[in-house]
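The values are calculated or read from the model by the stated rules, or taken from the named source; none is laboratory data. Note that the structure is predicted; figures quoted are calculated from it, not measured. Heads up, the Cβs are rebuilt from the backbone with ideal geometry, glycines too, and the neighbour counts pull from every protein chain shown.
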Amino acid sequence: MSNTPITTSKRGKLKRQSLAVVFCVIALLLGVSASLALGSRQISLDDVIGGLIHDVPENLGETIAQKRIPRTVFGILAGAALGMSGALMQAITRNPLADPGILGVNTGAALFVVVGIAFLGISAPAQYILLALLGSSVSAVFVYAIGSIGGKGATPVKLALAGSATGAALSSLVSAVMLPRAAVMDAFRFWQVGGIGGATWESMRAIIPFLVVGVIVGIFSSPSLNALALGDDVATGLGVRTGRARILGAAAGVMLCGATTALAGPIAFVGLMVPHVIRLAVGVDQRWIIPLSAIGGAVVLLFSDVIGRLLGSPGELEAGIVTAFIGAPTLIAVAARSKAREI
């Protein structure tokens with residue numbers, strides 16, 4: 001009899017988690033459909049299916065095959081990477097405000113890529129990715145070191161402030177490098193905002209190995225990250241090597257974020273919004289939060305891209321503008337909810 005409330009609670013939790021999975025999958029399918037069908041030129045579902053089997057007028061099939069399908073696939077990959085990266089960073093730092101954009105990781109990647117273009121003449125996708133990964137890593141380490149200064153270590157507010165200040169400083173450096181160089185600025189003025197419209201099959205092939213490794217490491221790190229949430233002493237007592245767990249989780253998060261930023265630009269707030277919403281739906285178990293954050297991130301980025309296309313028609317607003325518009329109030333709400341007071 002004493003086990004009945006516990007069993008009922010577990011069943012209720014499993015039901016919520018299962019519903020969250022179903023909802024995320026349905027939302028992803030809707031996002032894919034909207035990304036293929038909606039834009040400055042509306043395309044019906046029949047045309048979308050026809051475009052996949054080359055049974056539509058040539059110009060319409062070309063629009064679908066050469067533009068919207070790669071764009072949609074990259075939206076899924078980039079959104080999943082950013083969502084999972086945010087979940088990993090929040091778990092490692094135990095900070096609900098952690099996000100690749102807020103912690104300055106995106107901007108670090110952007111700075112290294114822009115410097116490579118301006119001074120090293122890089123042009124290959126692999127070169128972009130390596131520089132973006134290096135920039136993300138350096139920025140992440142720097143922000144965590146600054147946020148750890150003072151009493152009580154790296155508190156949520158201190159990390160957010162350190163990341164925001166670092167991001168602002170690095171953004172200024174990006175502008176300083178680009179503004180005097182018209183060719184660099186023309187090539188990357190929209191990349192700075194963040195978007196998925198410039199995706200190609202070749203560029204996606206270059207980042208997929210990094211994304212696959214990041215996803216695998218992130219998912220396999222989830223049990224250790226659950227233990228870290230209990231505190232380092234308890235985690236150590238449970239046999240978890242806390243240092244290695246943080247390094248692996250951080251490496252996966254930086255790899256996912258850096259590779260995506262190299263091609264999509266610094267898209268902010270996806271990694272903040274999605275894990276927070278997923279956590280409210282399924283609880284604090286990272287074994288659910290991390291993979292569902294990947295699906296949720298893909299949903300958010302796809303719909304943000306579609307909204308940008310519709311609002312900016314006949315042109316478009318980059319997805320990074322839409323995510324920033326949605327994410328800013330989300331950041332305020334999360335900060336108020338966390339009630340973190342130490343600075």
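Scan the stretch 270-285 for residues that are free of Cβ contacts under 8 Å to residues at least 12 places away in the same chain and within 14 Å of S18 (Cβ to Cβ) and the total you get is 0.
Can you confirm whether the stretch 227-246 contains a residue that is at pLDDT 80 or above, among the charged types (D, E, K, R), assigned to a helix (DSSP H, G or I) and surrounded by 14 or more Cβ atoms within 10 Å (Cβ to Cβ)? Yes, the stretch 227-246 contains at least one residue that is at pLDDT 80 or above, among the charged types (D, E, K, R), assigned to a helix (DSSP H, G or I) and surrounded by 14 or more Cβ atoms within 10 Å (Cβ to Cβ). Scanning the stretch 224-241 for residues that are without any contact (Cβ under 8 Å) to a residue 24 or more places away in the chain and not charged (D, E, K, R) yields A227, L230, G231, V234, A235, T236, G237, L238, G239, V240.
Among the residues of the stretch 94-120, those that are surrounded by fewer than 22 Cβ atoms within 10 Å (Cβ to Cβ) and either acidic (D, E) or not in a helix (DSSP H, G or I) (or both) comprise R94, P96. Does at least one position in the stretch 286-309 carry a residue that is without any contact (Cβ under 8 Å) to a residue 40 or more places away in the chain, farther than 19 Å from A160 by Cα and surrounded by fewer than 24 Cβ atoms within 10 Å (Cβ to Cβ)? Looking through the stretch 286-309, at least one residue is without any contact (Cβ under 8 Å) to a residue 40 or more places away in the chain, farther than 19 Å from A160 by Cα and surrounded by fewer than 24 Cβ atoms within 10 Å (Cβ to Cβ).
A residue that is closer than 23 Å to P209 by Cα and either surrounded by fewer than 20 Cβ atoms within 10 Å (Cβ to Cβ) or at pLDDT below 65 (or both) can be found somewhere in the stretch 44-67. In the stretch 86-93, is there at least one residue being at pLDDT below 85, among the small types (G, A, S), surrounded by 24 or more Cβ atoms within 10 Å (Cβ to Cβ) and assigned to a helix (DSSP H, G or I)? Scanning the stretch 86-93 turns up no residue that is at pLDDT below 85, among the small types (G, A, S), surrounded by 24 or more Cβ atoms within 10 Å (Cβ to Cβ) and assigned to a helix (DSSP H, G or I).
When we screen A251, A199 for residues that are within 27 Å of V113 (Cα to Cα), out of contact with any His (no Cβ under 7 Å at 6 or more places or on another chain) and not in a helix (DSSP H, G or I), the only hit is A199. Taken over the stretch 19-39, residues that are modelled with pLDDT under 90 and surrounded by fewer than 17 Cβ atoms within 10 Å (Cβ to Cβ) amount to 1. Every condition in (1) under 22 Å from N95 (Cα atoms); (2) touching a Ser or Thr at 6+ places or on another chain (Cβ under 9 Å); (3) of a type outside the set (D, E, K, R) holds for I196 except the one numbered (1).
Against the conditions (1) more than 25 Å from G308 (Cα to Cα); (2) at pLDDT 90 or above, I122 satisfies every one except (2).
Of all residues in the stretch 7-15, none satisfies being surrounded by 11 or more Cβ atoms within 10 Å (Cβ to Cβ), at pLDDT 60 or above, in contact with a Phe, Trp or Tyr (Cβ under 7 Å, 6 or more places away or on another chain) and assigned to a helix (DSSP H, G or I). Within the stretch 310-320, the residues that satisfy the criterion of being surrounded by fewer than 24 Cβ atoms within 10 Å (Cβ to Cβ) and part of a helix (DSSP H, G or I) are L310, L311, G312. Screening V73 on (1) more than 13 Å from V254 (Cα to Cα); (2) modelled with pLDDT under 85 shows it passes everything except condition (2).
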